[in-house]
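The values are calculated or read from the model by the stated rules, or taken from the named source; none is laboratory data. Please read all numbers here as calculations on a predicted model, not as lab measurements. Cβ placement follows ideal geometry from the backbone for every residue including glycine, while neighbour counts extend to all protein chains displayed. All accessible areas refer to the heavy atoms of the entire protein, side chains included, with ligands and DNA or RNA removed. Shrake-Rupley method; radii C 1.70, N 1.55, O 1.52, S 1.80 Å.
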Amino acid sequence: MSDSRTQFKSKFGIIMASVGSAVGLGNIWRFPYEAGQNGGAAFLIIYIVCVLVLGIPTLMAEMTMGRMTQTNSARAFRKMTQSPVFSKVGYLGVLACVLIMGFYTVVAGWTFEYMWEAVSGTMTDLSAEQFTANFNSFVVSPFRPLFWTILMVVLTHLIILGGVQKGIERAAKWMMPMLFLLLVVLCVYSVMLPGASAGLEFLFKPDFSKITSEVVLSAMGQAFFSLSLGAGVMITYASYFDNDVNIPRTATTVALLDTSVAFLAGILIFPAVFTFGIEPTQGPNLVFVTLPNIFAQLPMGSVLAFAFFLLLALASITSLISLHQVVTAYVAEEFKLSNRKAALVVSCTIAVLAVLCSLSLGVLNDIRVGGLCMFDLMDYVTAKIMMPLGSLLLCLFLGWKVEKSKILNEITNYGTLRWRLAKTFVVMLKYVVPILVALVFINELGLFE
Ligand code: PFF
């Protein structure tokens, strides 16, 4: 079976597809508001440490697992163990991907609304309150968000139909560089604003007294979400890697590029926030309410707003296709369906879920589980439970249940790569990552409070 699977065509394509998965709403929307709420530079430093100590080893672990097994993420675990717990870890990831797509597609769809508003010129003459009211009435409406959500599902579906090389790899190869370019242009614009120095100081001048256990744990959670860890995405992508792909180097590059995008998003947002006297601690509203507000006050604001939301849409699409591919590969390979049919089943399922998620912010808001509407529930269950748990179990599995020589062989391409940290990597998998992830997990369940 593994012989007939297509593979990524080029190393550049592999990096762009993996970066495409990692870079998304998590970097551009979630990172700035998390940094804003958790002390700016203090958060940034801890975040970097988390990426280095936890993110990169886990990313390498997922890639090792994927290339070693050359199959979808559910079967990957089954192929390697009969343990009743570990053999099921892959299913947890597949389910997580379905649920993440449920709410992620909705937020991704909102970017289309904002692009549309930028083009149609409705964003220019509004007051700060009107922007908030606009956003609030838009997200609860039963029609417009659904239209954009479905459009997002259709676009994702079409890219997936293209397959690994012609769909995912080709899309990521032009979308990701374009995203970097747009982000850099907007950053240059932002750092020329009068409040830029205050914004940059907030982001880069650490006040160590702001480092609390809460900040540390939030930064860890953000690192996992941002690097797409714990849902089987990188296992699936690495199953299309060639045997000579340098896993340590690829994982490190992906993590560095992902972190650079988060930095750039911070450099874009905070100077503007400080220039216009907006609270950096706003929270999840930051992008959808604050930025249009800011753009409206700038010369060429509509063009900038359009460019920004286009960028957010591109980043979301490349993350969505990675989530979709995990589930499509699973359905196609497990139920022996063609890629086309499998993709259709997945897209229809996501369309239904996403529509329900979107409606749960409006007409279905009364239907709640544990006090959360469906949208918030899916976000909570995936980001705060399933992803940390998936990462924890993967590292425990590779660290304790798989022969060390097997892991060392895979990560060094059967000894052809010299990598001095190979043994350290195994120690990280066995002890460091599981212990630290367990802490994040416990914190996110609120058990420290
Ligand atoms: N890493 C993506 C982001 O930062 O937006 C989100 C994501 C993608 C999470 C894929 C999980 C995943 F499996």
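Worth a mention:
- Checked against (1) over 25 Å from Ala219 (Cα atoms); (2) open to solvent by less than 10 Å² (accessible area, probe 1.4 Å); (3) within 16 Å of the ligand (Cβ to nearest atom); (4) of a type outside the set (Asp, Glu), Ala313 meets all criteria but (1).
- One residue alone among Ala198, Ala272 is open to solvent by 20 Å² or more (accessible area, probe 1.4 Å) and more than 16 Å from the ligand (Cβ to nearest atom), and that residue is Ala198.
- Selection status of Lys173, in contact (Cβ under 8 Å) with a residue 12 or more places away in the chain and either open to solvent by 10 Å² or more (accessible area, probe 1.4 Å) or not β-branched (Val, Ile, Thr) (or both): yes
- Residue ID - least open to solvent (accessible area, probe 1.4 Å), chosen from residues in region 241-262 that are not in a helix (DSSP H, G or I) and not aliphatic (A, V, I, L, M): Phe241
- Restricting region 5-32 to residues that are of a type in the set (Val, Ile, Thr) and part of a loop (DSSP other than H, G, I, E, B), the residue that is nearest to the ligand (Cβ to nearest atom): Val23
- Sole exception among (1) in contact with a Lys or Arg (Cβ under 8 Å, 6 or more places away or on another chain); (2) away from the ligand (no atom under 16 Å from the Cβ) for Leu182, by number: (1)
- Count of residues meeting criterion [within 14 Å of the ligand (Cβ to nearest atom) and not hydrophobic (A, V, I, L, M, F, W, C)] in region 230-256: 4
- Restricting Leu429, Leu408, Leu364, Leu398 to residues that are open to solvent by 30 Å² or more (accessible area, probe 1.4 Å) and more than 30 Å from Pro145 (Cα to Cα) narrows the list to Leu408.
- Of all residues in region 334-349, those that are modelled with pLDDT under 95 have Cβ atoms under 8 Å from Cβ atoms of residues that are among the charged types (D, E, K, R), 6 or more apart or on another chain, in Glu334/Arg75.
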